[in-house]
Amino acid sequence: MKLEGIHHITAITADAQRNVDFYAGTLGLRLVKKSVNQDQTSVYHLFYADENGDAGSDITFFEYPGAPVGRAGAGMIHRIVWRVSGPEALDFWQQRLADQGYESIRTDQSLRFKDPEGLEHELLPVHTTDEPLIANHPEIPAELALEGFHAVRAYTADPKRSKALLEDTLNFEAQPDEGSYEIRGEKRGGYYVYDAPPAERPLQGAGTVHHVAWATPIEDHEAWQRRVATSGRAHPTPIIDRHYFRSVYFREPSGVLFEIATLGPGFTVDEPLAHLGEKLSLTPRFEHLRAQIEPTLTPLRNPRESWVSR
């Protein structure tokens, strides 16, 4: 079995509207699902992705209003790396971010910047046969848009602790650079990279990553749960039905929370593709509570609405 690269990345925000303005407005992703945290229904769960809501481009956020700004440290993902087409895309994004008041750091290879709460992103030109996962935006030419995830970078003081789980259990392939791994399935791949941690203690909060999910075909999901459980290297949850996909969670030895999520059913199980993310979506488990849940959530303005309707 092989995992199909990154499925989604979930982070934390303290301000859902500012989050929508940045990810759907500035970065040009599509808000494909507006839902609630299935473990705490008073909390928004926002999903952004490409135009079709594909895994591999899906960054999601739990909103905890008033949450303090967090700090990535040992056992946490500290940077999300996106694919772009080439140096011209880096030029475009450097200018676009500057025009909207965001600082960035340009190198010969990439462009790094932070979202309004400090979550770090990197844009990297990547030559690959993987399908580019692009969202439509009138101000962002498709050939310069974000094309999906390339990697996540995590902090650990001892990458060797996770070697057996990553290589022997999850079938990640070690790369020449120590602490770097590739995972590649039949259709898509991505990277997991370790960096030395800062001295400061980690603090989960706004602007930090909660977990990373790796993708699997639905037919392999139960086998992955058993494989992790019998490895003795991690303690996975039972399979959890999230309606849009099924999930198994566990912490890898360095402390990062992993999820293995299925490729499907997908976000169109309860909304047509043309109208993804336009209304509050509640799974069948919570739909009967809509009258209680919806009034507790702040209405959100989606920048996309100003141009799709034209």
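No value in this document is a laboratory result; all are computed from the given coordinates. Keep in mind that this is a model prediction, so the values were computed, not measured. Cβ: placed from backbone, ideal geometry, glycine included. Neighbour counts: every protein chain shown.
Brief remarks follow.
- Under-5 Å amide H pairs with Arg79, H placed in peptide plane, nonlocal only: Arg153
- Most simply put, the chain has about 65% antiparallel DSSP beta bridges, counting only bridges with both residues inside it.
- Per-residue ellipticity at 222 nm computed for the chain from its helices equals -3000 deg cm²/dmol, with DSSP H segments shorter than 4 residues left out and the rest contributing -39,500 (n - 2.57).
- Neighbours of Ala174, meaning other residues whose beta-carbon lies under 12 angstrom from its beta-carbon, give a summed charge of -4 when Lys and Arg score +1 and Asp and Glu score -1.
- Neighbourhood charge, 14 Å Cβ-Cβ cut-off, centred on Gly101 and excluding it, Lys, Arg +1 and Asp, Glu -1: -1
- Kirkwood-based Rg to Rh ratio, the chain, C-alpha trace: 0.94
- Exposure proxy ranking for Val152, Val36, based on other Cβ atoms within 10 angstrom of each Cβ and starting from the fewest, stands as Val152, Val36.
- Taking a straight Cα-Cα cut-off under 14 Å and skipping sequence neighbours fewer than 8 places away in the same chain, the aspartates and glutamates within cross-link reach of Lys279 are Asp270, Glu271, Glu287, Glu294, Glu305.
- Cα centroids of region 211-248 and region 50-80: 20 Å apart.
- Exposure proxy ranking, count of Cβ atoms within 10 Å, fewest first, for Trp224, Trp93, Trp307: Trp307, Trp224, Trp93
- Gyration tensor verdict on region 111-210 (Cα atoms; rounded if a/c is under 1.5, prolate if a/b is larger than b/c, oblate otherwise): oblate
- The aspartates and glutamates within cross-link reach of Lys114, meaning a Cα-to-Cα straight distance under 12 Å and a gap of 8 or more places when in the same chain, are Glu103, Glu122.
- Relative contact order of the chain, pairs being alpha-carbon contacts under 8 Å that are 6 or more residues apart, as %: 26 percent
- Hits among lysines - C-alpha to C-alpha of Lys187 under 16 Å, sequence gap 8 or more where chains match: Lys2
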